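What follows is a short report on a single structure.
The values are calculated or read from the model by the stated rules, or taken from the named source; none is laboratory data. Just so it is clear, the structure is predicted and the values come from calculations on it, not from any experiment. Every residue, glycine among them, receives a Cβ derived from its backbone with ideal geometry; neighbour counts consider all protein chains shown. The area values use the complete protein model at the heavy-atom level, side chains included, leaving out ligands, DNA and RNA. Shrake-Rupley method; radii C 1.70, N 1.55, O 1.52, S 1.80 Å.
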Amino acid sequence: MSTDIGPPLWLLAELTYRCPLHCAFCYNPVDFAQHDKELSTADWLRVLREARALGAVQCGFSGGEPLVRDDLEELVAEARQLGYYTNLLTSGVGLTAARATALKQAGLDHVQLSFQDSTREMNDFLSHTKTFDLKLRVAGLIKANGWPMVMNVVMHRMNIDHIGRIIDMAVELGAEYLELANTQYYSWALENRDQLLPTRAQLQRAEALVNAQRLELGDRMRIFFVAPDYHDGSPKKCVNGWGNMFLTITPDGAALPCHTARMLPGLEFPDVRTSDLRSIWYESEGFNRYRGTGWMKEPCSSCEHKERDLGGCRCQAYALANDANAADPVCPKSPHHAIVSEAVLRAEAPSVQVRPIVFRDVANSRKLSPVAK
């Protein structure tokens with residue numbers, strides 16, 4: 001066991017891949033329908049205890065939609081008893097007044113509520129459901145129960161020009177935090193990249209507006225603008241470093257260093273039903289393969305920025321270059337950077353004909369491979 005490896009500070013408990021929404025940018029694996037054997041309540045309780053013993057201090061309950069699990073309140077209560085700071089990442093579907101009361105009593109600390117846009121028409125189109133009015137009611141429930149609320153909106157070509165109205169809506173709903181997360185192109189978003197990738201001008205206008213609104217709002221609401229990597233040419237450190245502080249447990253029990261890592265070939269990620277988290281975190285090949293910089297090849301191995309970005313995203317490298325050991329293709333030094341440049345150029349051509357959006361659902365999941373082409 002290496003003494004250089006710190007504990008997993010953040011546990012993401014992906015309780016289920018079931019979800020009433022069908023978002024075109026979902027980060028769940030495109031073949032999620034093949035992974036339908038969910039962990040039991042007892043399995044999740046053991047995971048919570050083992051991760052806390054390792055040093056995890058934050059626990060996010062996610063999915064899919066975690067509210068479809070009937071045992072969510074029990075898991076939240078156990079996490080609270082163990083000393084985690086708990087966060088529910090939800091679409092809002094299933095958060096009734098009764099469940100909100102139960103989750104409050106269980107000790108839930110924080111709620112992140114997703115919207116797809118600031119209008120009923122676009123929100124419901126992008127999620128392929130009629131959920132906008134429900135989300136507004138859920139925002140009221142969150143505030144009524146005294147939870148800090150993060151309003152999360154994934155940004156892309158279809159909604160980025162509405163960013164001013166989205167900020168106004170977050171203020172009206174009383175959000176303490178607004179996360180404007182530019183789409184990361186893997187899983188379902190990679191399938192739909194030509195429809196979702198914004199132009200450079202759209203991004204520049206959006207960032208300028210966000211900066212102006214930050215000054216105007218001051219401490220009333222914090223706005224996080226997660227910059228896109230396709231346009232800025234700067235690879236981002238994968239979840240603050242592969243196997244550094246982030247531990248994901250999938251609905252069917254796979255332990256992953258990031259939520260899309262199971263797409264990578266040649267890596268085995270342990271199952272929490274048969275392996276304990278301590279050995280998974282410190283000893284498994286899946287968690288050690290891309291730790292640090294020793295795995296790198298050129299141009300990463302001699303790059304002056306390798307400690308800063310750790311080569312970028314391994315899943316993006318595989319999805320675009322078919323090589324998980326390659327430099328992230330968003331980097332201009334990557335021999336595969338032309339793939340990204342060509343995608344950005346296509347986004348600048350509004351007349352280009354693209355195929356229909358592929359919405360996330362079980363039927364499409366059964367048709368698609370784990371890596372979108």
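Globularity index of the stretch 303-354 is 1.29 (Cα radius of gyration / 2.2 N^0.38 Å, N = number of residues). Ranked by the mean number of other Cβ atoms within 10 Å of their residues, highest first, the peptides 244-255, 134-145 fall in the order 244-255, 134-145. Dimensions of the chain from C-alpha coordinates, computed as largest minus smallest value along each principal axis and given longest first, are 54, 50, 43 Å.
Couplings 3J(HN,Hα) of the stretch 68-79, computed from phi: 6, 7, 5, 9, 4, 4, 5, 5, 4, 4, 5, 4 Hz, in residue order, whole Hz [Karplus 6.51 cos²θ - 1.76 cosθ + 1.60, θ = phi - 60°; x for Gly and Pro]. Using protein chains only and a probe of 1.4 angstrom, how many square angstrom of ARG273 are accessible, to the nearest 10? That residue has around 100 Å² of solvent-accessible surface. Please work out the FRET efficiency for the pair THR293 and ALA349, using the Cβ-Cβ distance as r and a Förster radius of 56 Å; give the result to the nearest 0.05. FRET efficiency, THR293 to ALA349: 0.90.
Of the whole protein surface, TYR282 contributes about 30 Å² of accessible area at a 1.4 Å probe radius. The accessible area of ASP70, taken with all protein chains in place and a 1.4 Å probe, comes to roughly 140 Å².
Within the same chain, lysines fewer than 8 places from LYS333 are excluded, and of the rest, those with a Cα less than 17 Å from its Cα are LYS236, LYS237, LYS297, LYS306. Ellipticity at 222 nm from helices only: DSSP H runs of n ≥ 4 in the chain, each -39500 (n - 2.57), divided by the residue count, give -10500 deg cm²/dmol.
Run the numbers for SER301 and ARG278: contour at 0.36 nm per residue of separation, minus the present Cα-Cα distance, in nm.
5.3 nm
Using the Cβ-Cβ distance between LYS130 and ARG366 with R0 set to 30 Å, the FRET efficiency from 1/(1 + (r/R0)^6) comes to roughly 0.75. Per residue, the convex hull spanned by the alpha carbons of the stretch 2-102 comes to 124 Å³. Under Stokes-Einstein, with the Kirkwood radius over Cα pairs as Rh, the value for the stretch 60-112 at 25 °C and 0.890 mPa s is 227 µm²/s.
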